[in-house]
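Here is the structure we will look at, set down as structure tokens.
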Amino acid sequence: MAKVIGTIESLKSLKCELKNRGISRFNSVKEINDFLSNYDLEKLTILNDASKQLAKEFSETCINLKQRIQNKTAIINLETEKLDNRILDLKRKINLIDNKKDNNYFKNFLSSIKLYFIKKQLNYIVNNKTKLISSSVNNISKKIESDEIFTKKYKTDKQSLVYKRAKAKIDKLEYTRKVLENLRNLISGAIGENLVVKEIKKLSDDFILINDFNLSFSPPIFYKKNNESIHSIQIDHLLISKAGIFIIETKNWSKSSVNSINLRSPVKQIERSNFALYVYISENIILKEHHWGEQKVPIRNVIVMINNKPTTKFKFVSVKLLQELNNYINYFEPVFTESQLNKIINKLT
């Protein structure tokens with residue numbers, strides 16, 4: 001199996017974009033594809049889970065409501081009994097004071113004060129009996145009211161409760177899909193590049209694949225053909241083998257995109273990368289094992305189209321469908337020894 005180094009560029013960009021938008025649930029392109037394919041099912045699952053949870057809560061609330069009503073009645077009866085006993089006790093104390101007269105002025109004075117406060121307490125309890133009883137069941141009454149509102153809502157408008165309960169998760173789900181829709185080109189690119197990596201992995205271990213290969217040049221390289229200075233290059237996949245180096249650019253384009261004149265030419269893109277890489281290798285990799293002189297490092301340009309490719313043939317660039325790629329690569333005979341291959345690999349990695 002071919003050795004693979006690095007992560008594909010579009011996948012790195014995609015992960016970065018998702019992270020910046022607060023989405024971290026995906027670890028692979030497959031998971032993204034599965035999400036988009038199963039979006040409606042996942043939404044339905046969220047609603048069903050919310051519905052089941054609500055049904056469970058409704059059942060538990062009905063049981064709790066019945067128990068709370070019973071508890072409230074018991075509390076009211078107990079509090080009523082306590083207040084009635086308190087009233088009887090206060091009345092008894094008043095009668096005792098009224099029936100107990102003393103010739104001592106000071107004692108009578110104290111008794112009258114005590115009688116005053118007892119009567120005041122008695123009047124307060126009698127006048128506020130209902131309020132006091134209500135206060136003792138205030139908390140449980142609020143819970144009963146809340147339970148009754150919920151059970152009534154569940155019986156009359158269950159669906160709105162389900163949607164309300166599921167809203168946060170569905171909003172997050174819809175937000176994720178919207179973000180992915182806006183990143184469809186990146187996703188398409190990541191899918192295409194991922195398929196290319198899987199295909200190249202089928203090659204023997206004599207092949208080394210570098211994903212997202214980058215080079216920077218200081219000073220820049222002058223590219224006469226385009227009359228430009230090249231400061232850096234980025235290549236989707238750089239495949240190093242005993243047969244030479246393959247610059248591979250992946251395009252997961254629709255038929256309309258292939259025929260569009262508005263998209264940047266991948267042929268020009270790969271020719272530019274080829275020129276810069278050729279200059280870099282010429283200056284940094286010298287193979288002098290042959291007695292005739294310095295050996296050439298073949299650099300071949302390949303554009304891999306995942307689904308559609310143009311019928312036109314291009315100079316210096318081979319355009320292949322994914323299923324044609326490995327046969328094309330294996331067509332070329334080895335020109336490097338093991339040590340030469342390692343020298344190239346070490347310099348480019």
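The values are calculated or read from the model by the stated rules, or taken from the named source; none is laboratory data. What you see is a predicted model, and the numbers here were worked out from it, not measured in a lab. Note that each Cβ is placed from the backbone with ideal geometry, even for glycine, and that neighbours are counted across all protein chains shown. For the accessible areas, the whole protein counts, side chains as well, though only heavy atoms, and no ligand, DNA or RNA atoms are used. Shrake-Rupley method; radii C 1.70, N 1.55, O 1.52, S 1.80 Å.
For the pair the stretch 140-194 and the stretch 1-54, the centres of their Cα atoms are 17 angstrom apart. The structure-derived value of mean projected area of the Cα convex hull in nm² appears in the list [x] 17.7; [y] 35.7; [z] 27.9 under the label [y]. To the nearest 10, the accessible area of Val196 is 0 Å² with a 1.4 Å probe.
With springs connecting C-alpha atoms under 10 Å apart, model the chain as a Gaussian network and identify which of Lys15, Lys153, Lys142 has the largest mean-square fluctuation. Comparing Lys15, Lys153, Lys142 in the GNM, the peak value goes to Lys142. For the chain, the longest principal axis of the C-alpha atoms and the axis of helix 184-200 are separated by about 60°.
With the simple spin-label model, which puts each label point 7 Å out from Cα in the Cβ direction, the Asn27 to Phe314 separation comes to 3.7 nm. Evaluating 6.51 cos²θ - 1.76 cosθ + 1.60 at θ = phi - 60° for every residue in the stretch 217-231, the Karplus couplings come out as 10, 9, x, x, 8, 8, 9, 4, 4, 9, 6, 9, 9, 9, 8 Hz, glycine and proline recorded as x.
Given a 1.4 Å probe, how much area per residue of the stretch 1-84 is accessible, in Å²?
64 Å²
Taking amide hydrogens as placed 1.01 Å from N in the peptide plane, the amide H of Tyr223 sits under 5 Å from those of Glu228, Ser229, Ile230, each at least 5 positions away in sequence or on another chain. Over the chain, with a Gaussian network built from C-alpha contacts below 10 Å, which listed residue (Val179, Val29, Val137) shows the highest mean-square fluctuation? Maximum fluctuation in the GNM of the chain, among the listed residues, is at Val137. Taking all protein chains together and a 1.4 Å probe, the residues Lys201, Lys315 rank Lys315, Lys201 from largest to smallest accessible area. In a GNM of the chain with a 10 Å cut-off on Cα contacts, which of Ile170, Ile270, Ile118 has the highest mean-square fluctuation? Checking each option, the largest mean-square fluctuation is seen for Ile118. For His237, His231, the ranking by accessible surface with the largest value first comes to His231, His237, using a 1.4 Å probe. Counting only protein chain heavy atoms and rolling a 1.4 Å probe, the accessible areas of Arg272, Arg21, Arg264 rank, largest first, as Arg264, Arg21, Arg272.
Tell me the mean residue ellipticity at 222 nm calculated for the chain from its helices only (DSSP H runs of n ≥ 4, each -39500 (n - 2.57), averaged over every residue, nearest 500). If you can, show how the numbers build up before the last one.
Values: 11 runs with 216 residues, N = 349.
When only DSSP H runs of four or more count, the value is -21000 deg cm²/dmol.
Annotation: amide H-H contacts under 5 Å for Phe217 (H modelled 1.01 Å from N, sequence separation of 5 or more, or interchain): Ser232. Against the main long axis of the alpha-carbon atoms of the chain, helix 266-284 sits at an angle near 70°.
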